[in-house]
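Here is the structure we will look at, set down as structure tokens.
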Amino acid sequence: MNPPPEAAPDLNYRVHREPPPADPKRIFNVPGIVLFIAGLNFLFFGLMFFLPDRTATLIKLSAGLIPSQFTQGIEANGGFLRWASPLISHMFMHMSSLHLALNMVLLITFGPPVAARMKGLSKVGPLGGIGRASMFLSFYILCGVAGVLTTVLLDPRQFVLAAGASAAVAGLFGAMVRFALNRATLFGSSTAKISPLLSPTVLIWSIAVVFAVIIIEVIVVSGIKGANVAWEAHLGGYFFGLLTYPFFERAAKAYS
């Protein structure tokens, strides 16, 4: 009697090595690279708090990005470094403790799933650990850069200081939409497949994000006296993360 045929493999899901179990001794089990980024934000904010007001203001004006000033070019900004550095430094500067706290809560919420996903795709070893951390950090920073450049593109004459990690954090959420926010693998582990860009899950979440930004940030918050929300940066960071995350995931696989 012939043995029963073996079941055909499920080709709809990629097979990844599961990451090691979480260490219960670590606070919240937040990956080190996420804690490192959060620590830089708290450190920068702490320095601004203890420095004299005049010095802190000068540093904020140098670290933040003003679209109307940025569009004047390299020479008008005193050289390439002073022109380009705010593209990165602005996302580590926050204007108030509430601003910082909100962004860090979102970073601790959205960062670990993305970092864990990259960790699960990389092999064990020093090079793999450095590689996946560098991929996460690069992805995070580029989401922030894309966000602030979206503000510059849509409102180049704006004379408001752009600061904060919100665009970078929005990019992390965009990444999560690609692999973690679907019915089959809701907040799933590293075995979750990437959702196609035009899948119902991605389209529904993206529409929800756009409407939330328009209703909450553009209409409600902007109506509050003295409030200023860089909604362009939030959308720019989100869509950059949504579109480019699969490329960073493939890059994380390259490390051994």
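List of remarks:
- Annotation: Asn2 fulfils all but one of (1) loosely packed, with under 10 Cβ neighbours inside 10 Å; (2) at pLDDT 85 or above; the unmet one is (2).
- Qualifying residue in segment 121-129 (condition: farther than 15 Å from Phe42 by Cβ, at pLDDT below 85 and crowded, with 21+ Cβ neighbours inside 10 Å): yes
- In segment 58-92, the residues that are small (Gly, Ala, Ser), within 16 Å of Val145 (Cβ to Cβ) and assigned to a helix (DSSP H, G or I): Ala63, Ala84, Ser89
- Neighbours by Cβ (under 6 Å, 6+ apart or cross-chain): first from segment 196-217, more than 10 Å from Val177 (Cβ to Cβ); second of a type in the set (A, V, I, L, M, F, W, C): Val213/Trp231; Val213/Leu235; Glu217/Val229; Glu217/Trp231
- Test for Val145: is it surrounded by 14 or more Cβ atoms within 10 Å (Cβ to Cβ) and either free of Cβ contacts under 8 Å to residues at least 60 places away in the same chain or not in a helix (DSSP H, G or I) (or both): yes
The values are calculated or read from the model by the stated rules, or taken from the named source; none is laboratory data. Just so it is clear, the structure is predicted and the values come from calculations on it, not from any experiment. All Cβ positions, glycine included, derive from the backbone under ideal geometry; neighbour counts span all protein chains shown.
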